[in-house]
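> Shown below is the structure under consideration.
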Amino acid sequence: MIKIENKEDCCGCTACASICTHDAITMIPDALGFLYPQVDVNKCVECGLCEKVCAFNDHYDTSLNLEKPIAYGARHKNMKEVETSRSGAAFIAISDYVLEQGGVVYGAGYAEHFRVVHKRATTKEERNEFKGSKYVQSDMNIVFRQVKEDLRNGLTVLFSGTPCQTSGLNSFVGKRLRERLFLVDIVCHGVPGPYLWRDYLSYLEKIQGSPIVWVNFRDKQKYGWRAHLESFIFKNGGGNKMSFTFLFYKHIMFRQSCGKCHFCNTRRPSDITIADFWGWEKTDPDINKDDKGLSLVLVNTEKGKRLFEAIKDRMNVVPADLENCLQTHLRMPSDIHPLRMQFEDEYKKKGFEYVYLKYNIPQRSRRYKFKLKMFLKRILNHIKR
């Protein structure tokens, strides 16, 4: 039976719980809301499937991968899609095609109070909830089993998620059903704890004196693609924040497994990888001059190649040299903050507001400098017009 002795060894993908035919495994949240498998020994028959299916290791399946990924810079031809997406809306082009072929799409959306969960979409309207980055680990619930059921029913399925999620799903589904499954992963920085996001929203609502009715983890329409600014709309008005962002980039609230991620390389556990195309200037100095956003697309398998050929006319595409695309998390995992465990312990004992104020204070001067920089940039852009 599966037994997690070191939290670094579990990414929480749910493959082990999903494959257990006796429902002996339950995903239990820790102090920060990260899910880990817990085995009911009274139900377990020690078949070993849960250990066999685990794909969070250096031996994850890349048997269908090309010798090396084919890299592109891409931007959707519909600027409305670009403006409401996080980078160049490559995911929209891909998912539109799958939906138009009668397929289904899985991605990260919201449940109650903006809790991040994976969902199933059969229409573009439902799929639109998956637009944009969600800087929190999503709750998979029974999604892996839903995907397998869709595949058994003859549906084409597009699943988008972090590489640990696509690797886990790929292993869970098995080779027989893979032909109709398209896996799209992202170049992932790391995932914060769901409880921290929950408590952050509650804290903002307390300060504002009003419930939040809309969130955007990274609003580029106001400040441009390069900026990373959280936007919220409260029932009594709107507002922008950067506090969660700064804690995110401190790597102090990441899942412990993010520090030893096995997928921070170009051997991707997916058919296609998408990301912000940082360093795009080396490929084409003009393609993103307007700072509206550009997607990096890595085609990793023959199946991914066929899919990209089918949708590339929906985008403006430029071939890229893979060496010019190797952003940090295609080369190495994030370094977990040395005070990560202290942060968790203080959160458990003293609550969110305590750790928020303690660990976010050093960033306040940077926040004000950034806001001033963005304000001046907007003025300059207005003058140029």
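> Out of (1) of a type in the set (Phe, Trp, Tyr); (2) over 16 Å from the mean Cα position of the chain (by Cα); (3) surrounded by 18 or more Cβ atoms within 10 Å (Cβ to Cβ); (4) not assigned by TED's automatic domain parsing to the domain that holds residue 80, what's the single condition that is false for residue 248?
Residue 248 satisfies all of (1) of a type in the set (Phe, Trp, Tyr); (2) over 16 Å from the mean Cα position of the chain (by Cα); (3) surrounded by 18 or more Cβ atoms within 10 Å (Cβ to Cβ); (4) not assigned by TED's automatic domain parsing to the domain that holds residue 80 except (2).
> If you go through segment 329-341 one residue at a time, how many are assigned to a helix (DSSP H, G or I) and surrounded by 14 or more Cβ atoms within 10 Å (Cβ to Cβ)?
Adding up the residues that qualify gives 3.
> Still on this model: Condition first: among the aliphatic types (A, V, I, L, M), surrounded by fewer than 19 Cβ atoms within 10 Å (Cβ to Cβ) and out of contact with any His (no Cβ under 7 Å at 6 or more places or on another chain). Now tell me which residues in segment 154-205 satisfy that.
The answer is 155, 177.
> Let me ask you something else. Take the residues in segment 83-95 that are out of contact with any Asp or Glu (no Cβ under 9 Å at 6 or more places or on another chain) and modelled with pLDDT of 95 or more, then tell me which one is farthest from residue 183 (Cα to Cα).
The residue in question is 90.
> Separate question: Does at least one position in segment 50-66 carry a residue that is on the phi > 0 side of the Ramachandran plot, touching a strand residue (DSSP E or B) at 6+ places or on another chain (Cβ under 9 Å), hydrophobic (A, V, I, L, M, F, W, C) and part of a loop (DSSP other than H, G, I, E, B)?
no
> Name the helices (runs of 4 or more DSSP H) wholly within segment 79-133 that hold at least 1 residues that are out of contact with any Leu (no Cβ under 6 Å at 6 or more places or on another chain) and of a type in the set (A, V, I, L, M, F, W, C)?
79-83, 90-100
> For segment 279-323, how many residues meet the condition of being closer than 20 Å to residue 132 by Cα and among the β-branched types (Val, Ile, Thr)?
Residues that pass the stated criteria total 2.
The values are calculated or read from the model by the stated rules, or taken from the named source; none is laboratory data. Quick caveat, the model's predicted, so the values are computed rather than measured. Every residue, glycine among them, receives a Cβ derived from its backbone with ideal geometry; neighbour counts consider all protein chains shown.
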